[in-house]
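Visitor: I have a structure here, written as structure tokens, and I will follow up with some questions on it.
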Amino acid sequence: MIYDNVLQLIGDTPIVKLNSLPEPHGAQVFIKLEGLNPGGSMKDRTALYLISQAEAAGQLRPGGTIVESSSGNLAIGLALVARQKGYRLICVVDPKISPVNLSIIQAYGAETVMVDQADEHGNYLRARLDKVQALVGQLGAFWPNQYNNPNNPEAHRRTTAQEIYEAFGEKLHWAVIPAGTCGLITGCSLGLKEHIPGIKIMAVDAVGSVTFGMPAGVRYQIGIGSAVVPGNMRRELYDEITHVSDAEAFSTARRLVNEEGLLVGGSAGAAVFAALKLARRLPAAEKVLAILPDRGDRYYNTIFSDEWLEKNGIELEKSAVKI
Ligand SMILES: Cc1ncc(COP(=O)(O)O)c(C=O)c1O
């Protein structure tokens, strides 16, 4: 297949069956590998759709500037799309960003602004949003506002959910989806429930995230979880909610690369941890799909580093036993 440009590579990611991790008596578990998007995550889809809708609405004109707050993946997606379409991009990031992501964003030609004021739980979201507002005011820039922009879930309703339906038809029982801004889960829930009668959605959140009313706490998972309740959260669309700890997420990410040959990120580990637990209580004829948001090569120095885990007091063995 020959493509005209890199943006045409966004989407149409593969679905793979897990063979080693699931228990033989439970449901079958499949994963959708969003890390195979050209920028390395499902946020490429979001970035492309947010920018094209802003163009259509006249919020972004040729040569214009985009400012966004991102933990890394939306920034990378926006950097890829913005450069291809000739826009200036300023990403507001925080010290929790992986150094690899920071280098990727800069390699794509985007500018970065680092905030340094954390709240009492070590979260920087408030500081990042304040900085974005200031820059948008100064520069007259377009702010995609991924936490509240309905085009964030819409990107996934139109593409990710559609691809899942095309692959499984009506023979999918559960989708297990990590929640950060809730763009991925809300869009997929809407799209899948439109097409597949009776499908159930499991939201996967990080322990320490406030999205579903749990107390705020320290967490090292990137992308999954939030320090504020996102405007794109639609609780009524999610049938179950599960909270996964850092150790559970990271130990599952390590098992995925060791046992299934899938080098994926920590939120992918969280999604698979939740999917395996769910599959154990379902009949063997049922099918569970976990969406894995990004690839793992961004996390060599963090979740795949024993030193980094030890420094942050995260013990993997205990949680690996719990799966
Ligand atoms: C690695 C990773 N996982 C999960 C998510 C959550 O996706 P969403 O923001 O659409 O809820 C993100 C979002 O940035 C992410 O980067």
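Visitor: Hey, what's the Kirkwood Rh for segment 1-125 if you take every pair of different alpha carbons, in angstrom? Write down the numbers at each step before the final one.
Guide: Details: mean 1/r = 0.0613 Å⁻¹.
With all distinct Cα pairs of segment 1-125 included, I get 16.3 Å.
Visitor: Suppose we keep just the alpha-carbon trace of segment 209-290; what are its Rg and Dmax in angstrom?
Guide: Radius of gyration, then largest Cα-Cα span, for segment 209-290: 13.8, 39 Å.
Visitor: Which percent of Cα pairs goes in each bin when the distances of the chain are cut into 10 angstrom slices starting at zero?
Guide: Per 10 Å bin, starting at zero, the Cα-Cα P(r) for the chain comes out as 6, 28, 37, 22, 6, 0 percent.
Visitor: For the chain, modelled as a Gaussian network with Cα springs under 10 Å, which listed residue fluctuates most, 173, 243, 121?
Guide: Of 173, 243, 121, the Gaussian network model singles out 121 as fluctuating most.
Visitor: Provide the per residue accessible area, probe 1.4 Å, for segment 166-323, rounded to a whole number of square angstrom.
Guide: Each residue of segment 166-323 exposes 39 Å² on average to a 1.4 Å probe.
Visitor: Between residue 6 and residue 229, how many nm apart are label points set 7 Å from Cα along the C-beta direction?
Guide: Placing both labels 7 Å beyond Cα along the Cβ direction yields 3.9 nm.
Visitor: Can you give the charge dipole size of the chain about its Cα centre, rounded to the nearest 20 debye, using +1 on the beta carbon of Lys and Arg and -1 on the beta carbon of Asp and Glu?
Guide: The calculation lands at about 380 debye.
Visitor: Place the peptides 196-206, 176-186 in order of packing, highest mean first, counting for every residue the other Cβ atoms within 10 Å and averaging per peptide.
Guide: 176-186, 196-206
Visitor: Taking the C-alpha atoms of segment 167-323, how large are the radius of gyration and the largest Cα-Cα span, Dmax, in Å?
Guide: Computed over the Cα atoms of segment 167-323, radius of gyration and Dmax are 15.2, 47 Å.
Visitor: Then there's this: Against the longest alpha carbon principal axis of the chain, how many degrees, from 0 to 90 and to the nearest 10, is the axis of helix 246-260 turned?
Guide: Relative to the chain, helix 246-260 is tipped by roughly 70 degrees.
Visitor: When you count, for each residue, the other Cβ atoms within 10 Å and take the mean per peptide, how do 254-262, 31-39, 219-227 rank with the highest first?
Guide: So the peptides 254-262, 31-39, 219-227, ranked by packing, come out 219-227, 31-39, 254-262.
Visitor: Picking from 46, 160, 302, which is most flexible by a Gaussian network model of the chain using Cα springs under 10 Å?
Guide: For the chain, modelled as a Gaussian network with Cα springs under 10 Å, the answer is 302.
Visitor: Hey, another quick one. Dipole of segment 165-320, Cα-centred, from +1 at each Lys and Arg C-beta and -1 at each Asp and Glu C-beta, to the nearest 20 debye?
Guide: The dipole magnitude comes to about 300 debye.
Visitor: If I compute solvent accessible area with a 1.4 Å probe over the protein chains, what percent of it on the chain is carbon and sulfur?
Guide: 49
Visitor: Something else: With every protein chain left in place, what is the accessible area of residue 69 in Å² (1.4 Å probe, nearest 10)?
Guide: 0
Visitor: Tell me, what is the per residue accessible area of segment 10-162 in Å², probe radius 1.4 Å?
Guide: Value for segment 10-162: 41 Å² per residue.
Visitor: Please list 96-108, 146-158 highest first by mean number of surrounding beta-carbon atoms within 10 Å per residue.
Guide: Packing order, densest peptide first, comes out as 146-158, 96-108.
The values are calculated or read from the model by the stated rules, or taken from the named source; none is laboratory data. Predicted, not measured: the structure shown is a model, and the values here were computed from it. When we count neighbours, we look across all protein chains shown, and the Cβ atoms used for this are built from the backbone with ideal geometry, even at glycine. Heavy atoms of the whole protein, side chains included, go into the accessibility calculation; ligands, DNA and RNA do not. Shrake-Rupley method; radii C 1.70, N 1.55, O 1.52, S 1.80 Å.
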